[in-house]
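Peer 1: I'd like to ask you about the structure that follows.
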Amino acid sequence: MNENVLEAREIYKSYPTADGQIDVLLGINLAIKRGEIVAVVGPSGVGKSTLLHILGILDRPTRGQLRIDSTQVSSLSDDQLAKLRNSTVGFVFQFHYLLPELSALENVMMPGMIAGKKAEELIEPARELLGRVGLAERESHRPNQLSAGEQQRVAIVRALINNSKVVLADEPSGNLDFTNSQTLHALLWELSRTLEKTFVIATHNLELARKADRVLELRNGKIVN
Amino acid sequence: MLCLIILVAAFSIISTLVMMVMEKTREIGILKAMGATSKSIRKIFMWQGLVTGLLGTASGCIIGYLLCWVQQNFKLISLPADIYIISAVPVNMRVWDFICISAGSLAICFLASLYPANKAASLQPVEAIRYE
């Protein structure tokens, strides 16, 4: 059995602009094992988010091969990618990106509903996950009734509801104060260890990066360590 | 006249739905990031257009029927009898007319929803999430 849940080979990403082509990623090679916590660090604009978007099949590389949970993704159609994303990948963004019209519980249930599950089968797992992050009492609250830290905790459990194998977090604590960041980091580690999830976290926060199993430093479009 | 009304109605539906797609761009991106397919996003906006059309058609039929009934019974819009022979605007309500006009309205709503729904479905998740 392949222990690697994510494998990228020679990933390149360029963007055409009016002033010519911008090369963001220049041949990324990486393999991430099940249950591993990997931090991606590097200065702003180096391509951390672009790499995460490609690893999470939100975006296609200009060239290169990507394998997620033994599935080669380059030949898949957009709809097949969407289904794979739904079943395998969870996202946590810098800003929570919760749906404003829905309650915390409904937001957590949403990926499951997209997968075609019935609301009745999702309520209990969603409640259990909200309870794990200390938000059992806030399940009926809408995002604007939650603090920034609480919103981000809802976003984290939303990424886990479909039993996703990989959670990609793009600056998850970038919008939080020190105390909330600490709480969030502890939570990410606890969830990763207890649920045996793979986390790939793009961050500027060196303290967060130091706690990871592995740190990948992105510089000039390449991983340098 | 009818053609003009249809054109205005179709443009209203298209512009309302295009505005909604623009307002909801980030939410569309979030749904796509969670695994929603283009087909399901298209379906959401097609339903939105059809529900708007159904409500509009139903209220149009009810208001039209009431106005016709009032005219039939109370002759609110009168005509000078010495010029037109008849003393009020005549009304003849036929079920078939209501059916045809309702079907036509719904068809227009369906067609007018196609462009915004396709626009929403074709949004790339990364671009949609970054949309300000």
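Just so you know, all these numbers are worked out from the coordinates, no wet-lab data involved. The model shown is predicted, which means the values in this text are computed figures rather than measured ones. Cβ placement follows ideal geometry from the backbone for every residue including glycine, while neighbour counts extend to all protein chains displayed.
Peer 1: Give the distance, in whole Å, between the Cα centre of segment A:124-151 and the Cα centre of segment B:39-110.
Peer 2: Segment A:124-151 and segment B:39-110 have Cα centres separated by 48 Å.
Peer 1: Shifting gears a bit: Charges at C-beta only: +1 for Lys and Arg, -1 for Asp and Glu. How large is the resulting dipole of chain A about its Cα centre, in Debye rounded to 20?
Peer 2: 460
Peer 1: Sort B:Cys3, B:Cys109, B:Cys68 by Cβ crowding within 10 Å, fewest neighbours at the top.
Peer 2: Result, fewest neighbours first: B:Cys3, B:Cys68, B:Cys109.
Peer 1: Please give me, ordered by residue number, the GluC sites (Glu not before Pro) of segment A:124-225 that lie in loop per DSSP and have at most 15 other Cβ atoms within 10 Å.
Peer 2: A:Glu196
Peer 1: Same structure again: Can you give the Kirkwood hydrodynamic radius of segment A:35-87 from its Cα pairs, in Å with one decimal?
Peer 2: Computed over segment A:35-87, the radius equals 12.3 Å.
Peer 1: Can you tell me how chain B classifies by the Cα gyration tensor, rounded, prolate or oblate, using a/c under 1.5 as the rounded cut?
Peer 2: Prolate is the answer for chain B, as a/c is 1.5 or above and a/b outweighs b/c.
Peer 1: Amide H of A:Val5 versus every other amide H placed in the peptide plane: which residues, excluding those fewer than 5 positions away on the same chain, fall under 5 Å?
Peer 2: Result for A:Val5 returns A:Ile32, A:Lys33, A:Arg34.
Peer 1: Continuing with the same structure: Gain in length, B:Cys100 to B:Asn73, computed as 0.36 nm per residue apart minus the alpha-carbon separation, to one decimal in nm?
Peer 2: Result: 7.3 nm gained on full extension.
Peer 1: Binned at 5 Å from 0, what are the whole-percent values of the Cα-Cα distance distribution for segment B:1-73, short to long?
Peer 2: Per 5 Å bin, starting at 0, the Cα pair percentages come out as 3, 13, 16, 19, 15, 11, 8, 6, 4, 3, 1, 0.
Peer 1: Run through every distinct alpha carbon pair of chain A and return the Kirkwood hydrodynamic radius in angstroms, one decimal place.
Peer 2: One decimal place: 17.9 Å for the Kirkwood radius.
Peer 1: For a footprinting-style exposure proxy, rank B:Trp96, B:Trp69 by other Cβ within 10 Å, fewest first.
Peer 2: B:Trp96, B:Trp69
Peer 1: Apply the membrane-span-like helix rule to chain A: whole DSSP H runs, Cα extent along the own long axis of at least 20 Å, mean Kyte-Doolittle hydropathy at least -0.5. List the helices found.
Peer 2: What comes out of the filter, once short or polar helices are dropped, is A:178-195.
Peer 1: Let me ask you something else. Neighbour counts of other C-beta atoms within 10 Å: give me A:His204, A:His185, A:His96 arranged from fewest to most.
Peer 2: Listing A:His204, A:His185, A:His96 from fewest to most nearby Cβ atoms yields A:His204, A:His185, A:His96.
Peer 1: Measure off 7 Å from each Cα along the Cα-to-Cβ vector at A:Asn29 and B:Gln124, then give the distance between these two points in nanometres to one decimal.
Peer 2: 2.7
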